[in-house]
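Okay, so here's the structure we're looking at.
The values are calculated or read from the model by the stated rules, or taken from the named source; none is laboratory data. Being a predicted model, the structure only gives us computed values, none of them experimental. Note that we place each Cβ from the backbone using ideal geometry, even for glycine, and neighbour counts take in every protein chain shown. All accessible areas refer to the heavy atoms of the entire protein, side chains included, with ligands and DNA or RNA removed. Shrake-Rupley method; radii C 1.70, N 1.55, O 1.52, S 1.80 Å.
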Amino acid sequence: MRAVALSSLSGSTKAPTIAKKVLVSDRDRHLIALGCDGEFSIGTQDPLLIRFSDQESLTDWESLTTNTAGNLRISTGSEIITGVKTKQQTVIFTDISVHVMQYIGPPFTFGINEVASGTSIMGQNAAVAVNDNVYWMGKEAFYVYNGTVQQIPCPVLEYVFDDFNFDQKDKAFAGLNSAFGEIWWFYPSADSDNIDRYVIYNYEQKIWYYGSLARTAWIDRGINDYPIAAGTDGFLYLHEFGCCDGSTDPFTPIEAHIESSQIDIQDGNNYVF
């Protein structure tokens, strides 16, 4: 089965034909289009416009007193970059601000509040939700929204952003590895036009680690027992499974090492290997 335009479906009324991103709100099940064309300007994109369909409907987008369809427009920034669903709300990013959109019921259906300004996001896929928190890679820092927007302390900040190909920033993306409390960001280094690096934030232990790996898409475990990622070689890889990446025949161990800084073991009878 192939995707079709919403406007081509039988009974479709005022459906958007252009959008930066489309998602479904979990609790109330409205279809939401971000950065789309307006109800009365079909075909002309408004990069700050949000529209939502009637509840449980793919086709009814005309805002009437008899349905829950409608629209909102963000007042800050020049364009919506992306949106991420949590269990309670939808977090929406513009190029300079963060907004939270929540279902409030009739007659307005949704309300939206700005929760931060002067922020950034690296690209459309650079944010990921963990329960009701959202983590993302900005253009100079990492952030979390957990009721308020906070910058995450990152000791490897210079390592990442001093060696980053900003001409290819839209390729950067985030993935969740929930079994280990990790968020992975894959990105292209300064000398590469394609993704070849990653940096990981362990939100349970509040630590960072990094490495080199070429992946272009990621899905956390859920239906499957392990995370699955797409490689630049055209293969799909099971992560956190086995002792090698399966890219060689016969299998060979992954080259790995642990690097640490100096350790103070105090005075007296204290030993360390």
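Rounded to the nearest percent, how much of the accessible area of the stretch 87-219 (1.4 Å probe, protein heavy atoms only) is carbon and sulfur? Reported share for carbon and sulfur atoms: 47 percent.
Express the accessible area of the chain per residue in Å², computed with a 1.4 Å probe while the remaining protein chains stay in the model. Walk me through the numbers before you get to the answer.
Details: 15670 Å² over 273 residues.
Accessible area per residue: 57 Å².
The aspartates and glutamates whose alpha-carbon is closer than 16 Å to the alpha-carbon of Lys21, local same-chain residues fewer than 8 away aside, are Asp37, Asp46, Glu79, Asp95, Asp170.
Set Lys and Arg Cβ to +1 and Asp and Glu Cβ to -1, take the dipole of the chain about its Cα centre, and tell me which of Ala141, Ala116, Ala127 lies farthest positive. Going by the Cα projections, it comes out as Ala116.
Each of Phe93, Val22, Ala229 was placed along the dipole of the chain (beta-carbon charges, centred on the mean Cα), and the one lying farthest toward the positive end is Val22. In the list (1) 1.44; (2) 1.17; (3) 0.96, the label attached to Cα Rg over 2.2 N^0.38 Å as derived from the coordinates here is (2). When only alpha carbons are used to place a centre, the stretch 4-83 and the stretch 218-237 end up 31 Å from one another.
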